[in-house]
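As structure tokens, the structure follows; a few thoughts come after it.
Derivation of every value follows stated rules applied to the coordinates shown; laboratory data play no part. Please read all numbers here as calculations on a predicted model, not as lab measurements. Glycine also receives a Cβ, built like all others from the backbone with ideal geometry; neighbour counts cover every protein chain displayed.
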């Protein structure tokens, strides 16, 4: 892929100084790999021995190692970045982590890094960001990509960013091959094939709502519905396991040991989806929720919190049931509805699969991102 403005190969620098491993980091590697497969040259800037470094290596990406920059006023690393990117003739910088925004802005404004910046938004706004410092950083961005319309509207109303720079491109999820039939985990976990199984994916963290799911499961058992619950995900990196032990204690208190299964982080999530009958998104407020899209693509019925970007993803209830975050009783009621009403469940699966094909495939997302990248490097 050529940079038409300078008649040289287009080199996209994906920059991420995070040492964690969650949706933000996963999608950074995912999009870097996808863009490389589209013929662009890709260079991943990441911290040595971080999890994103390991996955970038496994994905066959070129890597430039960096120190973990400070969140603010890191002039030293800003200078290093500008020097490195000029030397390597980077065509465009693509980043997702707000923690990197200040350092990159310094590289552009103070050290003459005269190349386009593409910011792929990963978080929603809690407050207005029209102050001098946010405006300084945001003006360094040449294309701001929001994953949903509500996020784009937040940017328009809560920042001073030029609205012409704002684009809406949902994150994409690869389409499951028709002949792909992943094995179920039920036999391994000693779950009867006739049991109704709920599943939740996410780091073990209070904001992800595992306790809420457990409380709802306990209510279901009290009413005679002996369902199972699968948790996929590990503890939040560097934040200990206090919450995990609280969950285990709650499971013991409600005598749910035989019905709750922790399966850790899953590199391959296909067996997880092959094992469940209903997917739960219990996060307090999920900005986008890639795993919700993955559940739609796997034709799994969904129950999710009515907050963040999830209502837009589920077309405000057409593609899944919504409930107020924190309300375990409402969640339990939705579970009963989903289990008992087969026609409703099948209708939501159908609507979810249709919406996925129209909005959330990897192919659609890549095509839209390519248009933005190509426009930036030719203007």
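Pull up the DSSP beta bridges for the chain and report the antiparallel fraction as a percent, rounded to 5. If I count the DSSP bridges inside the chain, around 5 percent turn out antiparallel. The Stokes-Einstein estimate for the chain, based on a Kirkwood radius over Cα pairs and taken at 10 °C with 1.306 mPa s viscosity, is a diffusion coefficient of 72 µm²/s. Taking the longest Cα principal axis of the chain as reference, the axis of helix 23-37 is set at about 60 degrees.
With a ≥ b ≥ c taken as the square roots of the eigenvalues of the C-alpha gyration tensor of the range 186-360, please select rounded if a/c is under 1.5 and otherwise prolate if a/b is larger than b/c or oblate if it is not? In terms of gyration-tensor shape, rounded. The residue 241 and residue 188 beta-carbon pair, evaluated with R₀ = 22 Å, returns a calculated FRET efficiency of approximately 0.40.
What order do you get for 243, 356 when you list them from fewest to most C-beta neighbours inside 10 Å?
243, 356
Here each label is just a point 7 Å from Cα along the line to Cβ, and for residue 132 and residue 270 those points are 5.5 nm apart. Applying 1/(1 + (r/R0)^6) with R0 = 41 Å to the Cβ-Cβ distance of residue 26 and residue 347 gives a FRET efficiency near 0.85. Taking each residue as 0.36 nm, the span from residue 357 to residue 375 lengthens on full extension beyond its C-alpha to C-alpha distance by 3.9 nm. For the residues 33, 310, 292, a GNM of the chain with alpha-carbon springs under 10 Å puts the largest fluctuation on 33.
What full-extension length gain, to one decimal in nm, is calculated for residue 207 and residue 249 as 0.36 nm per residue of separation minus the Cα-Cα distance? Answer, rounded to one decimal: 13.3 nm. With a cut-off of 12 Å on the backbone N, the residues of the range 293-322 near the modelled label site 7 Å out from residue 368 along Cα-Cβ are 313.
Taking Cα atoms only, the orientation of helix 149-158 departs from the longest principal axis of the chain by about 50 degrees.
Could you tell me which of rounded, prolate or oblate describes the range 101-141, using a ≥ b ≥ c as the square roots of the eigenvalues of the alpha-carbon gyration tensor, with rounded for a/c under 1.5 and, failing that, prolate when a/b is larger than b/c and oblate otherwise? It comes out oblate by the Cα gyration axes. The ranking of 228, 254, 53, 316 from fewest to most other beta carbons within 10 Å of each one's beta carbon is 316, 254, 53, 228. Computing FRET efficiency as 1/(1 + (r/R0)^6) for residue 258 and residue 59, where r is the C-beta to C-beta distance and R0 is 51 Å, gives about 0.85. Taking 0.692 mPa s as the viscosity and 37 °C as the temperature, the Stokes-Einstein diffusion coefficient of the range 73-157 based on its alpha-carbon Kirkwood radius rounds to 245 µm²/s.
Counting neighbouring Cβ atoms within 10 Å and putting the fewest first, the residues 343, 101, 348 line up as 343, 101, 348.
Taken over the alpha carbons of the range 112-209 as equal point scatterers, the Debye sum produces base-10 log I(q)/I(0) values at 0.15 Å⁻¹ of -0.79.
Against the chain, whose longest principal axis is taken from its Cα atoms, helix 210-222 shows a tilt of about 10°.
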